[in-house]
Each structure stands twice: as structure tokens, then as C-alpha cells.
């Protein structure tokens with residue numbers, strides 16, 4: 001029995017939450033065959049998925065093109081979306097042929113529209129799992145409607161063909177689906193304790209630590225030597241954040257990706273072990289910080305409709321504070337970091353059992369199609 005997952009290659013958040021759902025589904029149905037169609041980094045999947053899977057690499061949507069982790073390329077985004085969806089009938093034909101060879105009993109989309117066209121053609125359930133839809137994002141993307149007003153309705157016509165949608169918190173655009181069930185947050189949770197993780201990565205117990213978490217696009221304009229809090233804070237970075245070859249100043253620790261390969265430690269363990277995560281607002285990192293009780297110092301990310309929803313909602317569930325891109329890149333961090341730690345804890349809680357709830361729903365549909 002095969003479950004075919006169409007996962008957007010936009011950022012890491014779509015893939016990281018589907019990894020958790022796949023883990024929960026495999027626990028419930030140990031014999032399920034997992035096939036993934038996505039342009040997301042194969043290394044990310046192989047590093048995080050702990051169950052057998054088969055990757056069929058390739059783009060299934062276009063998302064947002066980024067220059068860096070905090071700068072969008074609005075023109076390239078519009079051009080690429082028009083290119084991809086101008087040939088949409090051929091895309092659907094190609095994906096249907098590829099999917100038919102897998103004989104799926106269920107298709108899951110997060111949140112590639114073509115997934116539901118394929119499911120409809122093959123006569124199998126097509127389940128959407130996400131917190132936003134691409135038509136909703138593109139409606140306000142700079143320059144898109146002026147040049148391609150036809151594009152959001154085209155995408156909506158695909159979403160209408162979904163059998164069901166599982167709506168995550170912090171959502172937008174879900175009025176397009178015929179039937180919707182709201183589910184809790186899907187969040188990666190730490191597997192190791194805070195003290196154990198800090199010892200593994202050499203973090204002093206008496207010194208606050210901040211983790212730079214800016215995904216795969218990096219911050220090439222960031223000069224870590226100019227950061228103004230290195231006398232009191234330890235700053236953790238990965239080889240994805242800043243340009244390679246730079247000498248790191250005292251107080252900054254580089255953690256290579258290999259530190260999470262075969263060691264039993266995962267990135268979310270590190271998220272749970274630091275005092276502050278410095279990032280741009282995205283579903284995945286916010287969910288991880290909520291699940292660990294962490295704090296976020298966030299910056300802007302360009303015009304992206306989801307941003308406003310996340311910034312409005314996340315202060316209810318975790319301690320958060322804004323830092324401008326100018327202050328971030330200039331290294332003026334001390335004031336905002338210290339002020340963030342003085343803020344009171346968030347007043348509300350939110351369940352983080354979304355992976356289990358989603359897996360239960362998917363297992364029901366797989367069982368009924370057997």
C-alpha cells in the first residue's frame with residue numbers, strides 16, 4: 001500500500017512537518033510504502049526521515065524565489081510561476097503518468113496544487129495538509145496579479161478537487177476546500193534534554209545562547225565580527241547561514257550539518273537547548289519553538305502574506321520580539337536579545353499533536369482503500 005506525498009520545495013517547513021506526519025503514519029501502518037515527489041533537498045530528507053522512503057525528485061510547484069533567507073526575488077517569483085502554470089495541462093499529464101506507476105492508494109499534498117489533479121484523475125483520495133494555499137499567497141504577491149490574474153483561479157480549481165483538507169494553525173486560504181478539519185500544530189520535538197545537548201555542543205551553562213536559524217538560503221551580508229553581544233552571549237550558526245571561509249570571532253560557534261548525521265542529535269534538539277532563536281517567521285521554526293518553550297527574535301522577510309498571520313498569532317504562544325533587518329545585519333543585537341529575555345512568558349498554550357492527528361486521518365483513508 002503506497003502513500004504518495006507531493007511536498008513543496010519552498011523552504012524547509014513543508015518538508016519538516018511532513019516528515020513528522022510520515023513518522024506517525026509509519027507507526028500506525030508499518031507496511032506502508034512512502035513515496036515523495038519534491039524538489040526539497042534530498043539530504044534534508046535522508047537526514048531527518050527515520051523510515052524507508054523513495055524520493056522522486058523534481059518540482060511540483062514554484063513557491064517564492066529567494067535571494068537570501070530574508071529577501072525575496074519578486075520578479076523571478078512571478079516569472080517562474082507564469083512559466084510553470086502556463087504549461088499546467090502538460091504538468092498534470094506528466095505527474096499523472098509518474099504517479100500512476102507508483103499505484104498510490106492515497107495522495108497527500110503540502111501544498112502543491114497538482115497533487116489534487118493527479119488524485120482526481122487516478123480516483124484516489126487527495127488530502128491537503130498545510131497552513132496556507134498558494135493562490136492565497138499569490139493574490140498579494142508584488143506584481144503577480146498585474147501580469148497573471150488568471151493564475152490564482154487556476155490554482156484554486158486544483159484545490160477544489162482535494163477530497164479533504166487538514167488545516168494547521170496560523171492558516172489562510174482554506175475556504176477553497178470542500179471539506180476541512182482543523183488540526184493541532186505539527187511540530188518537531190527535541191529527543192534530548194537541554195543539559196545533554198548543551199554539553200554535546202560545548203555551551204556553557206552560565207552563558208545565554210542564541211541560534212541563527214535562517215534556512216538554506218543564508219545571510220551573505222551578515223558580518224558576525226560586528227555583533228555587539230559576543231562578550232556575554234554565545235552565538236550558534238550553521239554552514240547554511242553565512243559565507244564559508246570566514247574566520248569566526250570568539251563567542252560564535254559554527255555547527256556543521258554533519259553534527260546531526262549519525263550522532264543521535266537533531267536540529268530541533270539544538271532549538272530546545274538555546275535561550276533564543278534568531279530567525280524569520282516561518283511555520284516550521286515557530287512550531288518548533290512553541291514545542292520547546294523557546295523564544296524568537298525575528299526579522300522581516302519581504303512581502304509575504306503568511307508573515308502577517310504569523311506575527312499576529314505567535315506572541316500568544318511564545319515569547320517573541322522584532323529586530324529590523326538593518327540592526328540584524330549590522331550586528332546590533334544586544335539590546336533586543338536582553339529585552340526579549342526580560343519579557344514575560346506567553347500567556348496561552350496550543351497543542352502540538354498535529355502529526356498524530358494527521359496520521360490518524362491518513363491511516364483511515366488508506367485502510368478504507370485497501
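Read-outs throughout are calculated quantities, based only on the coordinates presented, and are distinct from any laboratory measurement. Just so we're clear, the structure is a prediction, and the values are computed from it rather than from any experiment. Cβ placement follows ideal geometry from the backbone for every residue including glycine, while neighbour counts extend to all protein chains displayed.
Anything in the stretch 1-57 that is touching a residue at least 60 places away in the same chain (Cβ under 8 Å) and over 18 Å from the mean Cα position of the chain (by Cα)? List them, or say none.
Listed by number, the residues that qualify are 1, 2, 3, 4, 25, 27, 28, 29, 32, 35.
Which one is surrounded by the fewest Cβ atoms within 10 Å (Cβ to Cβ), of the residues in the stretch 103-112 that are assigned to a loop (DSSP other than H, G, I, E, B) and on the phi < 0 side of the Ramachandran plot?
Looking at residues that are assigned to a loop (DSSP other than H, G, I, E, B) and on the phi < 0 side of the Ramachandran plot, I get 105.
Only residues that are surrounded by 14 or more Cβ atoms within 10 Å (Cβ to Cβ) and assigned to a loop (DSSP other than H, G, I, E, B): list them for the stretch 224-238, please.
227, 228, 229, 230, 233, listed by residue number.
Restricting attention to helices (runs of 4 or more DSSP H) lying wholly within the stretch 18-102, give those where 3 or more residues are crowded, with 18+ Cβ neighbours inside 10 Å.
74-86, 88-100
Looking at the stretch 350-360 only, could you name the residues that are out of contact with any strand residue (DSSP E or B) (no Cβ under 6 Å at 6 or more places or on another chain), in a helix (DSSP H, G or I) and crowded, with 17+ Cβ neighbours inside 10 Å?
Of everything in the stretch 350-360, those that are out of contact with any strand residue (DSSP E or B) (no Cβ under 6 Å at 6 or more places or on another chain), in a helix (DSSP H, G or I) and crowded, with 17+ Cβ neighbours inside 10 Å turn out to be 356, 357, 359.
Residues being outside any helix (DSSP H, G or I), touching a helix residue (DSSP H, G or I) at 6+ places or on another chain (Cβ under 9 Å) and closer than 24 Å to residue 341 by Cα: count how many of those fall in the stretch 173-211.
Selection size over the stretch 173-211: 14.
In the stretch 339-353, which residues are within 25 Å of residue 230 (Cα to Cα) and in contact (Cβ under 8 Å) with a residue 60 or more places away in the chain?
340, 341
Yes/no per residue for (1) crowded, with 24+ Cβ neighbours inside 10 Å; (2) more than 20 Å from residue 327 (Cβ to Cβ):
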| site | (1), (2) |
| --- | --- |
| 253 | no, yes |
| 262 | no, yes |
| 266 | no, yes |
| 274 | yes, no |
| 277 | yes, no |
| 283 | yes, yes |
| 288 | yes, yes |
